[in-house]
Structure formats: structure tokens, C-alpha cells
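**Student:** Encoded as C-alpha cells, here's the structure I'll be asking about.
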Amino acid sequence: MPSSKWFPWDFQKSCPNTIDIKKPGLHAIQFCDEFISHILLENLPKELSENGALFKVNAADLTPDWFEEKFLTMSLFGTQDSYLVIESHNLNAKTKKWLEENPFEITDKFLIFSFPKSSKIFDSFSKKLKGEFIKIEAPRFWEGMQHLEFICDYFDLSLPMNVKNYLLQSLENSSYEFYQAANLIQLYFPGGSHIKLEYIQKLIRSNKLDHFALASMFGTKRRADFFNLLSSKELDFEQMRFLFNFMQGHLFKMMDTSYCDGKARLSKYDKEILSHSKAWGRDELQVELHLFGELEVEAKSKNPLLKNRLRLEYLASF
């Protein structure tokens, strides 16, 4: 059945327990990242976890025989055990195919598939199986405040507005950044309501990358400055992966500016794209696209030599 799409804070407000305890059956939830997944799965109905009736299993370990035993075979003891399947994107092809070809109805317990990221298995299940299918969308770049407050609520933090604004200015709009910051603040300043800004400024340093400024720098062929800046910053792999992904999208737009056609009004960013694209040849852009694709893969795989690669690109820019 079709899936519904929600942003994390809207979904939590509408479904505070993540699933409706009155609706047993198959549930599948595709999360935008592992931190949002952790927060929302913590909200699962206490009735399931407190009496020990909800078991956590890894999708990679499941087989058709397991599903037959747990859901299709009559139990002598009449158990109503429910299951949370984690890492559901790792479900093997044989088991996925069996589930789709042998749909079964669950009337008295729960089978919850949790997908920590986008997955073709989720999309396929939503078309072929009967159940509740939910997609939790990633916060958009302008929704930093809602994103931050959603994560602070999880840690029972009520931060002053000047502290929130500092965190938004200093950190990337990512669940990883906000989760780590909120966890640290809760550790040192439980509750957070009377915390002073100067304490937070000492505890959490700014490491935010201005993606648009960096893209503009690269677009004006200040390649050495671009890679020198990246080499000098203390960035984690997720920050770099996100930047390299953004740069690929930016270069695609420079290569094909037709997306601006028909726009009633061009943004400042659109105008920069049009201006910068004139200084680049298509072959040059393809080379850089390939490079950022490789860098994204290295960041995703957490290659410890990635920093050295960035330094080499800096030196190669002269």
C-alpha cells in the first residue's frame, strides 16, 4: 500500500508512540538517518517492551523458515511475540522474494521493519505487501530550528534562544551534529534552561561549513583555496560526505544550466551558477565531478587517508 511521508517532528506529534498499539500487523518505517531512527524507535509503545513481548532481530539473519515458524505455524503455547527487524535494508534477496510471494496476515501481534536509510526493499514492500508504510523525510536545510528542537526534546533540554541560535550558526544542520551537541550539553548542564551562552561557546566550537560559499569559491576557480580550507579544518567523515555530495549537484547545475530556463525569477545562487559556468569547459567539469564522486565514496567508507587526498588536491591546484 502507498507510504505516507513525514518530517520527524510532525510524525512524533501525530504518532507519539511511533506505531498505534491498537493496530497490530506489519509496519515498515524508513528513516532518514540512524539518529532519527534511534529517537523514534525509543518511542515504541511501552506495552510491547515492558512485558518482554517485543524481540529485536537483525534482517541479515532472517530466512523464510524463520517467518514461517514465527507467523505461519500454530504455536502450542499461543504466544503473541512481536518483532522489530533492524537494518531491514540488509534483508537477503531470497527472503525478500519469499515475503513478497507469500504474503500473510498478522492480526494479533506486530512485525516492524526498520530501515535506517533509503532502501529499494522498502519501496518494493510498500507496493506488494499489506501494512503500514511510513517514510521519515530528512529535514530541509532551512528547517534547522525544528531539527535542533526535535533532538533537544529527546534529551529533555530546554535551551535559551541565544544558545539555540549559536548552535544553528556553528553546526551543520545534521542529526549527527545536533545529537552529539545535545548529548554533550545534557551531560554537563542537565535541563539546559539556565545555561549561559559563554559556557556553550567554550564547550562546543564552531565547525560549520558554508556549502554555498565553498561552491562559489570553487566556481571561480579558486581550487587551491578550496582544498586548503578543507585540509585545515577538523571535519568528520559525515560532514565531508555531505559537502562532496553537494558539490556534485552544484557542478551538475553548472554543466547544464537549463534548469534556470522558465524560472520567473532567478535567485542569487542561480545567477552565480550562470556566471561561473561560463568560465568552465564541459570536460573540466566532468573531471571535477568524477573527483567529488570519488571523495564522497572515500568519506562514506571512512577512509583514514582522505585527509591526505585533500592535501594532494591542494598541491595539484598550483
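The values are calculated or read from the model by the stated rules, or taken from the named source; none is laboratory data. The structure presented is a predicted model; accordingly, all values stated were derived computationally and were not measured. As a convention, Cβ positions derive from the backbone with ideal geometry for all residues, glycine included, and neighbour counts pool all protein chains shown. Side chains included, ligands, DNA and RNA excluded: accessible areas come from the protein's heavy atoms. Shrake-Rupley method; radii C 1.70, N 1.55, O 1.52, S 1.80 Å.
**Student:** Could you check how many residues of the stretch 97-125 are assigned to a helix (DSSP H, G or I), of a type outside the set (Val, Ile, Thr) and buried (at least 19 other Cβ atoms within 10 Å of the Cβ)?
**Tutor:** Start the filter on the stretch 97-125 by keeping residues that are assigned to a helix (DSSP H, G or I), which leaves 97-101, 120-125.
Okay, now just the ones that are also of a type outside the set (Val, Ile, Thr), so 97-101, 120, 122-125.
The next check asks that each one be buried (at least 19 other Cβ atoms within 10 Å of the Cβ); those that pass are 99, 122, 125.
Count: 3.
**Student:** Something else about it: Of all residues in the stretch 29-62, which are open to solvent by less than 70 Å² (accessible area, probe 1.4 Å), within 17 Å of the chain's Cα centre (by Cα) and under 19 Å from residue 91 (Cβ atoms)? Show your work before the answer.
**Tutor:** To start, the set of residues in the stretch 29-62 that are open to solvent by less than 70 Å² (accessible area, probe 1.4 Å) comprises 29-33, 35-37, 39-41, 43-45, 48-49, 52-54, 57-60, 62.
Then drop every residue that is not within 17 Å of the chain's Cα centre (by Cα), which leaves 29-33, 35-37, 39-41.
Once the filter is applied, which keeps residues that are open to solvent by less than 70 Å² (accessible area, probe 1.4 Å), within 17 Å of the chain's Cα centre (by Cα) and under 19 Å from residue 91 (Cβ atoms), the stretch 29-62 yields 29, 30, 31, 37, 41.
**Student:** For the stretch 302-318, check the following and say yes or no: at least one residue is within 27 Å of the chain's Cα centre (by Cα), assigned to a loop (DSSP other than H, G, I, E, B) and surrounded by 12 or more Cβ atoms within 10 Å (Cβ to Cβ).
**Tutor:** Taking every residue of the stretch 302-318 in turn, at least one turns out to be within 27 Å of the chain's Cα centre (by Cα), assigned to a loop (DSSP other than H, G, I, E, B) and surrounded by 12 or more Cβ atoms within 10 Å (Cβ to Cβ).
**Student:** Anything in the stretch 1-31 that is of a type in the set (A, V, I, L, M) and over 15 Å from residue 46 (Cβ atoms)? List them, or say none.
**Tutor:** Taking the stretch 1-31 and keeping what is of a type in the set (A, V, I, L, M), we get 1, 19, 21, 26, 28-29.
1, 26, 28, 29, listed by residue number.
**Student:** Please enumerate the residues belonging to the stretch 238-269 that are more than 25 Å from residue 174 (Cβ to Cβ) and free of Cβ contacts under 8 Å to residues at least 12 places away in the same chain.
**Tutor:** Hits for the stretch 238-269 are 256, 258, 259, 261, 262, 263, 264, 265, 266.
**Student:** Same structure again: Give the residue that is farthest from the chain's Cα centre (by Cα), with candidates limited to residues of the stretch 248-298 that are open to solvent by 40 Å² or more (accessible area, probe 1.4 Å) and among the small types (Gly, Ala, Ser).
**Tutor:** That would be 279.
**Student:** Of the conditions (1) open to solvent by 80 Å² or more (accessible area, probe 1.4 Å); (2) of a type in the set (A, V, I, L, M, F, W, C); (3) not in a helix (DSSP H, G or I), residue 242 fails just one. Which one is it?
**Tutor:** (3)
**Student:** What are the pairs, 6+ residues apart or on separate chains, where a residue within the stretch 177-195 that is at positive phi and free of Cβ contacts under 8 Å to residues at least 60 places away in the same chain has its Cβ under 9 Å from a residue that is assigned to a loop (DSSP other than H, G, I, E, B) and surrounded by fewer than 16 Cβ atoms within 10 Å (Cβ to Cβ)?
**Tutor:** 191/156; 191/158; 192/156; 192/158; 192/160
Every residue, every condition in (1) of a type in the set (D, E, K, R); (2) at pLDDT below 95; (3) in contact with a Leu (Cβ under 7 Å, 6 or more places away or on another chain), yes or no:
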| position | (1), (2), (3) |
| --- | --- |
| 63 | no, no, no |
| 68 | yes, yes, no |
| 78 | no, yes, no |
| 84 | no, no, yes |
| 96 | yes, no, no |
